[in-house]
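A.B. asks: Just passing along the structure, written as structure tokens.
The values are calculated or read from the model by the stated rules, or taken from the named source; none is laboratory data. As the structure is a prediction and not an experimental result, all values here were calculated from the model. Please note: Cβ atoms are built from the backbone with ideal geometry, for glycine as well, and neighbour counts cover all protein chains shown. Only protein heavy atoms, including side chains, enter the accessible area calculation; ligands, DNA and RNA are left aside. Shrake-Rupley method; radii C 1.70, N 1.55, O 1.52, S 1.80 Å.
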Amino acid sequence: MKALYQKYQFYYRDSLKLAIPVVISQLGHTLVQVSDSVIVGHFAGTTALAAVSLVNSLFLVPLVIGVGISYGITPLIAQNNGRGNYQECGTLLSNSFFLNVITGIVLFCAIYFGVMLFINKLHQSPDVVIQAKPYLFLLSISLIPLLVFSTFKQFAEGLGFTKQAMLISIWGNVLNIVLGVIFVKGLFGVHPMGIKGVGYSTLIDRSVMAIVMAVYVLRSPIFKKYLKDFTIKNIDRVRGLQILKIGMPVAMQYVFEVGAFGGAALIIGSIGMIEQAAHQVAISLAAMTYMMASGISAAAAIRSGNYFGAGNHSELRLSAISNYHIVIVFMSCTAIIFTLFNQYLPWIYTGDRTVIAIAAQLLIVAAFFQLFDGTQVVGLGILRGMGDVNKPTLITFISYWIVGLPMAYLLGIYFDLGVTGVWYGLVLGLMASSIMLFLRFQSISKSNKLIIVDDISQQIKNTYH
């Protein structure tokens, strides 16, 4: 064990130094939903909490499409920084900003004209649907400022600057919680808004975060050499395709995973409102640990991109393995916490004893899938940094839509195991993803067949040089 630690000691420290601020920043995205659930659960009741669960299951797919596309710039920034090609970073930021704003507008329209029309046909409780609609509308608007924030966040993180996004996320969540309580409960002369209150607080929070993050990147001296070519005239089809070539598969990876979990929420909603509320409590807690693991994944993608761009393949493998070690230790700790405190953690969200009893059972299942959830997201990050995104996307599709969701329906509905059976199916999907992604990484890194996906870079050189 000591020899193993000494071998990876440098990479543990390097990865953690980069990962910890990203972990906290990533956690901030989830804490918005968690705080919404806590505020609604305590101040608006079980029906409103079930409405939050329904909205989150519908909103997550558009959300991760947007966030996934915004992630397309990070490996490219890391690789160009590794090569010392600083001016290209500013050009990529121009294209990413334009692409993400357009994506946010398109996704808002898709939600408003699409999801809002068929939400009545999902066989959910009518009382839940009535409360869900205004909340979903406000969240969909907040996608636009969120993607602006993500544009500058991913740019800074691709260069290894992670602390500022962390601080902005922390203060943004404080603002979201304070405004959420004021709007939902009706304090300081504000009329009680119920579930709409957390929608308004989220929209305000994300707008402020977008402005602050943009000002930080554009005004900070440390980014000056990278921003020389950050201008509207550098927006072009070639760079846009280069970002989308990574961003779209990343988006689809997230879509396949959260789509399966969203589908599972709809299956649970057909079982009953109490089960749906319990699912929201348990999945919110599991989502917190997942987002923290995805912070480790983001750090792994940055370092993999740096080493890949520099052509240092042996360092890439050592760094990647160190991130696997880190996430295994971290998710083992969270599994123990879920097991020991499964009866107490649901009280954070609600005082409904029936909901708490079911959520406590689900947290035991969540403890089982912690390792699989952590290792699969880190595997995706490592491969993304290397530019390998297409086959991992196929792996996520098979894992969640061929294995996970069908097994969730089979165990939960057909074999009548209820909400617990649905979660068992999700465990099987995560396990399949984790194993296949690790085998993919081993196959590439051991054979030195590192993937060079940005052949578009040659097009850029031919066109502009």
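A.B. asks: Quick check: residue separation of Phe415 and Val215 times 0.36 nm, minus the Cα distance between them. What number comes out in nm?
C.D. replies: Values: separation 200, 0.36 × 200 = 72.00 nm, distance 5.46 nm.
Additional length available on full extension: 66.5 nm.
A.B. asks: Another question, if that's okay. May I ask you to give the solvent-accessible area per residue for the chain, in square angstrom, as obtained with a 1.4 angstrom probe?
C.D. replies: Each residue of the chain exposes 40 Å² on average to a 1.4 Å probe.
A.B. asks: May I ask you to compute the full-extension gain from Ile222 to Lys446, defined as 0.36 nm times their residue separation minus their alpha-carbon distance, rounded to one decimal in nm?
C.D. replies: Fully extending the segment from Ile222 to Lys446 adds 77.0 nm.
A.B. asks: Hey, any idea what % of region 353-409's accessible area is carbon plus sulfur with a 1.4 Å probe? It would help to have the intermediate numbers written out before the result.
C.D. replies: Details: 1400 of 1890 Å².
Answer for region 353-409: carbon and sulfur cover 74 percent of the accessible area.
A.B. asks: If I model a spin label as a point 7 Å beyond the Cα along the Cα-Cβ vector, how far apart are those points for Asn390 and Leu439 in nm?
C.D. replies: Result for the modelled spin labels: 2.1 nm.
A.B. asks: Provide the three semi-axes, in whole Å and in decreasing order, of the ellipsoid equivalent to the chain as defined by the square roots of 5 times the Cα gyration tensor eigenvalues.
C.D. replies: For the chain, the semi-axes come out at 35, 26, 20 Å.
A.B. asks: Rounded to the nearest 20 debye, what is the charge dipole size of region 263-416 about its Cα centre when +1 sits on each Lys and Arg Cβ and -1 on each Asp and Glu Cβ? Intermediate values should be presented prior to the final figure.
C.D. replies: On the way: 5 positive and 6 negative charges, 67 e Å.
Charge dipole, region 263-416, about its Cα centre: 320 debye, nearest 20.
A.B. asks: Once each part is reduced to its C-alpha centroid, what is the distance from region 323-358 to region 235-263 in angstrom?
C.D. replies: Answer, in whole Å: 30.
A.B. asks: I've got another one for you. Helix 126-158 sits at what angle to the longest principal axis of the chain, using alpha carbons and giving 0 to 90 degrees rounded to 10?
C.D. replies: Long axis of 126-158 versus the principal axis of the chain: about 20 degrees.
A.B. asks: Full extension from Ile232 to His313: what is 0.36 nm times the residue separation minus their Cα-Cα distance, to one decimal in nm?
C.D. replies: Length difference between fully extended and current span is 25.6 nm.
A.B. asks: Just want the answer: with Cβ charges of +1 for Lys and Arg and -1 for Asp and Glu, which residue in Gly199, Phe183, Gly311 is farthest toward the dipole's positive end in the chain?
C.D. replies: Going by the charge dipole, the pick is Gly311.
A.B. asks: Put Tyr424, Tyr12, Tyr414 in order of accessible area, largest first, 1.4 Å probe: what do you get?
C.D. replies: Result, largest first: Tyr414, Tyr424, Tyr12.
A.B. asks: With +1 on the Cβ of every Lys and Arg and -1 on the Cβ of every Asp and Glu, and nothing else charged, how large is the dipole of the chain about its Cα centre, in debye rounded to the nearest 20?
C.D. replies: 1240 debye
A.B. asks: If you count only protein heavy atoms and use a 1.4 Å probe, how large is the accessible surface of Cys109, to the nearest 10 Å²?
C.D. replies: 50 Å²
A.B. asks: Along the Cα-to-Cβ line of Leu241, 7 Å from the Cα, sits a label point; which residues in region 62-104 have backbone N less than 17 Å from it?
C.D. replies: Correct set: 92, 95-96, 99.
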